[in-house]
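Below: the structure, in structure tokens.
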Amino acid sequence: MLFRRTITAALLVGLTAGLVFSLAQALSVNPIIFAAEAFEVEAPHDHGTHSHGGDLFDNDNAEPWAPQDGAERASYTIVANVLAGIGFAAILLSVMSQLKQQGTARINALKGVVWGAAGFAVFFVAPSIGFPPEIPGVEAAPINNRQAWWIFAVVCVGVGLMIFSFARLKYKLVGIALAILPYTVASTHPKGPIFAHPDPDSVIALTQLHQQFIIASGLSNLAFWLVLGVCSAWILNGWVLKPIALSAALKPVKHGQEVSTDA
């Protein structure tokens, strides 16, 4: 019962947060991405030395698949955001539920804001310190290095924040040390300028777009996490754990432990 209610709640909360996130991206993030893509310089291809007759092993001219601009691209973005929202909502609801049933944490709408802010700090701010959000045209580090450091930062900061918030006083320093640990390990960045565009004016424009992109990404992610936190807290109290609360309230009655009101 509790598991089914938690999953259903995660679907509803994730759908809501994912749609809010997609709207925020459409209004603030996507225009910056499109503007940056206009500065992309295609690498020249030698079309005279490769066969286009169907050689399955000739991949020199093959380009990675990407959704078409317009409705297809927007649809894939919305689906990805909703799926991410469902996954994060499931994690939030599970942790909130466990802590509330143990009596470790009180969950309400205001606390939901705090939980959402914590999720934003762990999943956006912490990895962005090492690898800020990037627009098209940025000379980025290898994807494997970025992914490994992202996971390392999120796990360390997330666990450290949990220890600092809920563990005993003598363990709180461990939580702080764990949250700092990722930043003692240097994240790999390519050497040289951040933009390799040959036109200096384009580099200036891309730099300005990059700064705007970091702010827009931060605000859209903050909206995403605040919706996740508040909605998760609200639905946890109002629906997921309500049968357990009612059962606990009726338990004395079932065992004949009513308090007499006779004088």
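Stokes-Einstein diffusion of the range 60-169 at 10 °C, 1.306 mPa s viscosity, Kirkwood radius from Cα pairs, rounded to a whole number: 94 µm²/s. Among the protein heavy atoms, those of LYS100 account for about 70 Å² of accessible surface (1.4 Å probe, every chain in place). In order along the range 117-128, phi translates into HN-Hα couplings of 5, 5, x, 4, 5, 6, 9, 10, 5, 4, x, 5 Hz, rounded to whole numbers, per the Karplus curve 6.51 cos²θ - 1.76 cosθ + 1.60 with θ = phi - 60° and x for Gly and Pro.
Could you tell me what percent of the accessible area of the range 185-240 is made up of carbon and sulfur, with a 1.4 Å probe and every protein chain present? Answer for the range 185-240: carbon and sulfur cover 69 percent of the accessible area. Per-atom-type breakdown for the range 81-150 gives carbon and sulfur 64% of the accessible area (1.4 Å probe, protein chains only). Net charge near MET162: determine it from the other residues with C-beta under 14 Å of the C-beta of MET162, scoring Lys and Arg +1 and Asp and Glu -1. Neighbour charge sum, excluding MET162 itself: +2.
The values are calculated or read from the model by the stated rules, or taken from the named source; none is laboratory data. Note that the structure is predicted; figures quoted are calculated from it, not measured. Quick reminder, even Gly has a Cβ in these numbers, built from the backbone with ideal geometry, and neighbours come from all protein chains shown. The area values use the complete protein model at the heavy-atom level, side chains included, leaving out ligands, DNA and RNA. Shrake-Rupley method; radii C 1.70, N 1.55, O 1.52, S 1.80 Å.
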